[in-house]
1. Taking all protein chains as present, what is the carbon and sulfur share of the accessible area of segment 42-156, in % to the nearest whole number, probe 1.4 Å?
2. Could you pull out every one of the lysines with an alpha carbon less than 25 Å from that of LYS109, ignoring same-chain neighbours closer than 8 positions?
3. Can you give me the accessible area per residue for segment 65-143, using a 1.4 Å probe, in Å²?
4. Sort 139-149, 39-49 by packing, meaning the average of other beta carbons within 10 Å per residue, with the highest value first.
5. Around GLN78, with a cut-off of 11 angstrom between Cβ atoms, what is the net charge of the other residues, counting Lys and Arg +1 and Asp and Glu -1?
6. If you take the charge dipole of segment 55-149 about its Cα centre, with +1 on Lys and Arg Cβ and -1 on Asp and Glu Cβ, which of LEU104, ASN59, THR82 is farthest toward its positive end?
7. With the crude spin-label approximation of a point 7 Å out along Cα→Cβ, what separation in nm comes out for LEU152 versus SER115?
8. Note the full-extension length gain between ARG134 and ARG76 as 0.36 nm times their separation in residues minus their Cα-Cα distance, in nm to one decimal.
Amino acid sequence: MNQLINPSPVIHEKKTTTRESGTQDVREDVRELIDSQEIYEHIRDIVDPEHPYSLEQLNVVSDKDIQVDDNFGTVRVQFTPTVEHCSMATLIGLCIRVKLSKSLPERFKLDVTLSPGSHATEVAVNKQLNDKERVAAALENPSLLAMVCKCLNRQS
């Protein structure tokens, strides 16, 4: 029995990228500032584990739900599953965490959480997503790791 959790998700148009490609003088001794738009660019094309659409197209992630404090090295991403009983919420959060861990300098601390009130087991999912030992254990599971890689590597 392979029923979809949300068989008819609402699909949103992808936004055009508004980030300017820098033609500025790049110096190695100057730290590149990271902002919320850059974080959004990293995660918007992650593919949903259940549907062939990106998290952006399903409105699971949006640029308004990302906060970055470059000075303190913190990134906070909130995401909203398409249904409040989504069993894929932890996997989606894990994909976001893995993508950002691989994309950002080590100086950043990541906080990946569900949007308040968006999921039936919000507290438990948030606890799992922000516990380093649980995340490491999840990524040691070959099946789970394969699902994460599939979501990160598919083109939408």
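The values are calculated or read from the model by the stated rules, or taken from the named source; none is laboratory data. What you are looking at is a predicted structure, and each value in this text was computed from that prediction instead of being measured. All Cβ positions, glycine included, derive from the backbone under ideal geometry; neighbour counts span all protein chains shown. What goes into the accessible areas is simple: the full protein's heavy atoms, side chains included, and nothing from ligands, DNA or RNA. Shrake-Rupley method; radii C 1.70, N 1.55, O 1.52, S 1.80 Å.
1. Carbon-and-sulfur percentage of accessible area, whole number: 52.
2. Excluding near neighbours in sequence, the set is LYS64, LYS99, LYS127, LYS132, LYS150.
3. Working: 4220 Å² over 79 residues.
With all protein chains present, segment 65-143 gives 53 Å² per residue.
4. Descending mean neighbour count gives 39-49, 139-149.
5. Numbers: positive: LYS64, ARG76; negative: ASP65, ASP111, GLU122.
Value of the local net charge: -1.
6. It is LEU104, whose Cα lies furthest towards the positive end.
7. Each label point lies 7 Å from its Cα, and together they span 2.5 nm.
8. Values: separation 58, 0.36 × 58 = 20.88 nm, distance 1.86 nm.
Result: 19.0 nm gained on full extension.
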